[in-house]
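The values are calculated or read from the model by the stated rules, or taken from the named source; none is laboratory data. These numbers were taken from a predicted model, which means no experiment stands behind them. No Cβ is skipped: glycine too gets one built from the backbone with ideal geometry, and neighbour counts run over all protein chains shown. Just so you know, the surface numbers come from the protein's heavy atoms only, side chains and all, with ligands and any DNA or RNA stripped out. Shrake-Rupley method; radii C 1.70, N 1.55, O 1.52, S 1.80 Å.
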Amino acid sequence: MALTLLIGAVSCDWIGNTPSFGDDFITYDIKAGNHEVERNLNTLFTGSSMRFQALFDSSCVYKTTVPENQNDINKLYGFSDCSSQHHNNSARFGWNWREGALRIYAYIYLNGVRQERELGTAELNEITSFRIDIRENTYVFTFRGIETVMPRHCSGGVGVAYKLLPYFGGDEAAPHDIRIKIRNL
């Protein structure tokens, strides 16, 4: 144990996603041709709510190769739930660039069935606040001060759960480098 701490203390490599250091946001990069962020580490999640702020820049404006894929929802941030994998039970915010706007969604898996609901739009280069609360058998998504209730498969705590980091797609991978900044609150 002490050796692990010593090696970690003298190592110059950052484990996980690197803080921006100019502020207290973490910058998540999805490279062109990929779906997942670089250095993707899904850390444990033990809370009953998730609060964060996100900043989308012009790299989040994109055009898919297949026109129908423009409707696919990219994933922003959230968590798995009910001691299961995230494609069984999870709650997270999603986003896409469609019709000249960055659209935000509540995006869940409920016992293996995906559900989503559009919540509104976010502005590029503007800090936007997000919140997901667990309330027994529901999730409450708060965006721009409006609460949207979505169903939840289990009740009580999340059990063994992990955070879900930004992900591009649907069917297509990122057409160019995508950059999203997130600050946990």
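Only residues that are of a type in the set (D, E, K, R) and farther than 26 Å from ARG152 by Cα were counted across segment 36-84, and they come to 5.
The residue that is surrounded by the fewest Cβ atoms within 10 Å (Cβ to Cβ), among those in segment 32-76 that are closer than 17 Å to ARG179 by Cα and polar (S, T, N, Q), is SER58.
Hey, among VAL113, VAL140, VAL158, which residue is without any contact (Cβ under 8 Å) to a residue 12 or more places away in the chain and open to solvent by less than 70 Å² (accessible area, probe 1.4 Å)? Can you show your working first?
Working: VAL113 fails: open to solvent by less than 70 Å² (accessible area, probe 1.4 Å); VAL158 fails: without any contact (Cβ under 8 Å) to a residue 12 or more places away in the chain.
The conditions single out VAL140.
Out of ILE146, ILE127, ILE180, one residue alone is surrounded by 17 or more Cβ atoms within 10 Å (Cβ to Cβ) and farther than 13 Å from ASP81 by Cβ. It is ILE180. For segment 97-106, which positions are part of a strand (DSSP E or B) and open to solvent by 10 Å² or more (accessible area, probe 1.4 Å)? Those that are part of a strand (DSSP E or B) and open to solvent by 10 Å² or more (accessible area, probe 1.4 Å): TRP97, ARG98, ALA101, ARG103, TYR105.
Can you confirm whether segment 164-171 contains a residue that is more than 17 Å from the chain's Cα centre (by Cα) and crowded, with 18+ Cβ neighbours inside 10 Å? Reasoning before the result, please.
The initial filter retains those residues of segment 164-171 that are more than 17 Å from the chain's Cα centre (by Cα), namely 171.
If we keep only those that are crowded, with 18+ Cβ neighbours inside 10 Å too, we end up with none.
Scanning segment 164-171, I find no residue that is more than 17 Å from the chain's Cα centre (by Cα) and crowded, with 18+ Cβ neighbours inside 10 Å, so the answer is no.
Determine which member of the set GLU116, GLU147 is within 15 Å of MET50 (Cα to Cα) and charged (D, E, K, R). It would help to see each step written out before you state the result.
Working: GLU116 fails: within 15 Å of MET50 (Cα to Cα).
Exactly one residue qualifies, and that residue is GLU147.
With respect to the stated conditions, TYR167 is of a type outside the set (A, V, I, L, M), closer than 25 Å to GLN70 by Cβ and modelled with pLDDT of 95 or more.
In segment 118-141, what count of residues is obtained for those that are within 24 Å of VAL37 (Cβ to Cβ) and in contact with an Asp or Glu (Cβ under 8 Å, 6 or more places away or on another chain)? Adding up the residues that qualify gives 4. Considering segment 77-91, and only residues there that are open to solvent by less than 10 Å² (accessible area, probe 1.4 Å) and of a type outside the set (S, T, N, Q), the residue that is farthest from ARG117 (Cα to Cα) turns out to be ASP81.
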